[in-house]
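The values are calculated or read from the model by the stated rules, or taken from the named source; none is laboratory data. Every value quoted in this text rests on a predicted model; they were computed, and no experiment measured them. We place every Cβ from the backbone using ideal geometry, glycine too, and count neighbours over all the protein chains shown. Quick note on the areas: whole protein, heavy atoms, side chains included, nothing else; ligands and nucleic acids left out. Shrake-Rupley method; radii C 1.70, N 1.55, O 1.52, S 1.80 Å.
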Amino acid sequence: MTDDVEVRPITESEFTDWHRALATGFLRQPVLTPAQLDTRRRQFVPGRLLGAFDGPRCVATFRSFDQELTAVGGATLPADAISNVTVSPTHRRRGLLTRMMSQDLAAAKERGDAVATLIAAEYRIYGRYGFGPATTLTEWTVEVPRTGLDPRWSRPEGGARIDLVDAEDVRKLGPELHERVRRGTPGAVSRNELWWLSNTGAVRFDTEWTEPFYAVYRSAAGEVEGLVSYVSDDNWHDKQPYDTADVKWLLAATPAAERALWHYLCSVDWITTVKSGWRSPDDLLPQYLPDPRAARITTQADWLWVRILDVVRALEARTYDTAGSLVLEVVDRQGLAGGRFRLDASPEGASCTPTTDAPELTLDIAELASVWLGDQSVARLHALGRVQEERVGAAREADALLRTSGRPWCPDIF
């Protein structure tokens, strides 16, 4: 019975059992070594790890942590980042996820978080909790011999340079560069110190670790404007190399840095294929190549999901390229952020206030999340029956306000 299962924050002494349930839910080896558990204890924050307990055994897991999310225009909002969500196969369909989610979102709203975020392993789970897909991810596979790039290229033009660096250098240079990049990237999220430690091998959550290569791009003035982390396989056939460079992540503060780093990856001897890693759907990578067809899309899917907890703060935080006014009826079945709001927006700023005026658009809180960062079209959602137009033409007017010239992008998984 569900009533026999207790949902509550775990204590530090229960972390081993909680982690066994987490590994079970993700179909991973359920028992970790003491060293691995000690490493993962770095993620323990009192009150932010929830467990469902059937007697002494943990049968469901849930973790959240503090994060910042970049809105359109560069403002950042405090976010409740959700991860490590599992329910053991013996306790499915008993409402445990709903209980954990409800408890966490209520606490997030009480803390003052404006949104919640997650990366959805399965599409159909999180919409019922008010989350909507807010960014899209694309991965390209580049056939290097087909690109048309000059095979004699060895360095950037104009006095810039690319240098190989070590993990310690990345931990020093990366955080400041990432801050510059993410504040200009709607949908990007903050990276804490543990992210940089674990993604450069200083802290290892898993026993398997392949040390990447790291390359830094410096402008002619010596400023760090780009970093890339990549690994390579070792694939030979008939005494010919057919190696693949697999990009773990690539950060670039300028188009020149981005172009040069992609050119660098395509110029490494023995590399015949480059896998781009997680990129924005309107990334410039294909257009940097003389033959854009050399970059083939191998993955395109929803990525960051957002749950708005404060409609006023979310809509006032972002910028707008045009002026307009709309009355929105926001439906929130969880009762956390719904209501009727008047949005008055212009390039000079925006105000969002509760109102009793007649609504012009009615939409679920999840649909509002999908259009908030500009990735989804209100008119398309209206055509799908997921947005109700109370005044003819309101959907297209909403698109004019909310759509952006570039698509949002979240480079991270969490």
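Find all pairs meeting these conditions: Cβ atoms under 8 angstrom apart; at least six residues apart or on different chains; first residue within segment 201-212 and under 18 Å from R171 (Cβ atoms); second residue open to solvent by 60 Å² or more (accessible area, probe 1.4 Å) and of a type in the set (D, E, K, R).
G201/E211; A202/R171; V203/R42; P212/K248
Would you check which residues across segment 135-148 are part of a loop (DSSP other than H, G, I, E, B) and surrounded by fewer than 17 Cβ atoms within 10 Å (Cβ to Cβ) and list them?
G148, the sole residue that qualifies.
State which residue is surrounded by the most Cβ atoms within 10 Å (Cβ to Cβ) when the search covers only segment 98-118 and only residues that are of a type in the set (D, E, K, R) and part of a helix (DSSP H, G or I).
Looking at the filtered set, the residue picked out is D104.
Working carefully through the options T200, T254, find the one that is out of contact with any Leu (no Cβ under 9 Å at 6 or more places or on another chain) and surrounded by 18 or more Cβ atoms within 10 Å (Cβ to Cβ).
None of the other options fit; the residue is T200.
Sort out for me the helices (runs of 4 or more DSSP H) sitting completely within segment 149-267 that have 1 or more residues that are within 24 Å of A79 (Cβ to Cβ) and in contact with a strand residue (DSSP E or B) (Cβ under 9 Å, 6 or more places away or on another chain).
Because the criterion is at least 1 residues that are within 24 Å of A79 (Cβ to Cβ) and in contact with a strand residue (DSSP E or B) (Cβ under 9 Å, 6 or more places away or on another chain), the helices (runs of 4 or more DSSP H) in segment 149-267 that meet it are 167-182.
Return the only residue of L309, L361, L315, L368 being more than 30 Å from A260 (Cα to Cα), more than 20 Å from the chain's Cα centre (by Cα) and not polar (S, T, N, Q).
Only one candidate passes the filter, namely L361.
Kindly evaluate R191 against the criterion of being within 22 Å of D283 (Cα to Cα) and in contact with a His (Cβ under 6 Å, 6 or more places away or on another chain).
For R191, the condition - within 22 Å of D283 (Cα to Cα) and in contact with a His (Cβ under 6 Å, 6 or more places away or on another chain) - is met.
Have a look at D38, D66 and point out the one that is of a type in the set (D, E), open to solvent by 50 Å² or more (accessible area, probe 1.4 Å) and either within 19 Å of F131 (Cβ to Cβ) or assigned to a strand (DSSP E or B) (or both).
Selected residue: D66, the only one of D38, D66 that is of a type in the set (D, E), open to solvent by 50 Å² or more (accessible area, probe 1.4 Å) and either within 19 Å of F131 (Cβ to Cβ) or assigned to a strand (DSSP E or B) (or both).
Within segment 236-246, work out how many residues are under 19 Å from E139 (Cβ atoms) and surrounded by fewer than 22 Cβ atoms within 10 Å (Cβ to Cβ).
Residues that pass the stated criteria total 3.
Which of the residues spanning segment 302-323 are touching a strand residue (DSSP E or B) at 6+ places or on another chain (Cβ under 6 Å) and either open to solvent by 40 Å² or more (accessible area, probe 1.4 Å) or at positive phi (or both)?
Scanning segment 302-323 gives D302, E316, A323.
Considering only segment 65-109, state which residues are within 22 Å of E122 (Cβ to Cβ) and of a type in the set (D, E).
The answer is D80, D104.
Among F26, F53, which is the only one that is farther than 25 Å from L309 by Cβ, open to solvent by less than 30 Å² (accessible area, probe 1.4 Å) and among the aromatic types (F, W, Y)?
Within the list F26, F53, the selection yields F53.
Please go through segment 339-394 and pick out each residue that is surrounded by 19 or more Cβ atoms within 10 Å (Cβ to Cβ), among the hydroxyl-bearing types (S, T, Y) and free of Cβ contacts under 8 Å to residues at least 24 places away in the same chain.
Listed by number, the list is empty, since nothing qualifies.
Using the structure shown, decide if E397 is in contact with a helix residue (DSSP H, G or I) (Cβ under 6 Å, 6 or more places away or on another chain) and open to solvent by 30 Å² or more (accessible area, probe 1.4 Å).
Taking the combined requirement at face value, the residue does not satisfy it.
Quick check on segment 246-256. Is at least one of its residues within 28 Å of W196 (Cα to Cα) and acidic (D, E)?
yes
What number goes with the only condition from (1) open to solvent by 10 Å² or more (accessible area, probe 1.4 Å); (2) farther than 30 Å from F15 by Cβ; (3) not in a helix (DSSP H, G or I) that A121 does not pass?
Going through the list (1) open to solvent by 10 Å² or more (accessible area, probe 1.4 Å); (2) farther than 30 Å from F15 by Cβ; (3) not in a helix (DSSP H, G or I), A121 breaks only (2).
Contact list please: Cβ distance under 8 Å, first residue in segment 96-110 and farther than 13 Å from G47 by Cβ and hydrophobic (A, V, I, L, M, F, W, C), second residue at pLDDT 95 or above and part of a helix (DSSP H, G or I), pairs at least six apart or on different chains.
Here the result reads M101/Y129; L105/Y129, each pair linking segment 96-110 to a residue that is at pLDDT 95 or above and part of a helix (DSSP H, G or I).
Counting only residues that are under 15 Å from L118 (Cα atoms) and open to solvent by 60 Å² or more (accessible area, probe 1.4 Å), how many does segment 72-97 have?
Counting residues in segment 72-97 that are under 15 Å from L118 (Cα atoms) and open to solvent by 60 Å² or more (accessible area, probe 1.4 Å) gives 0.
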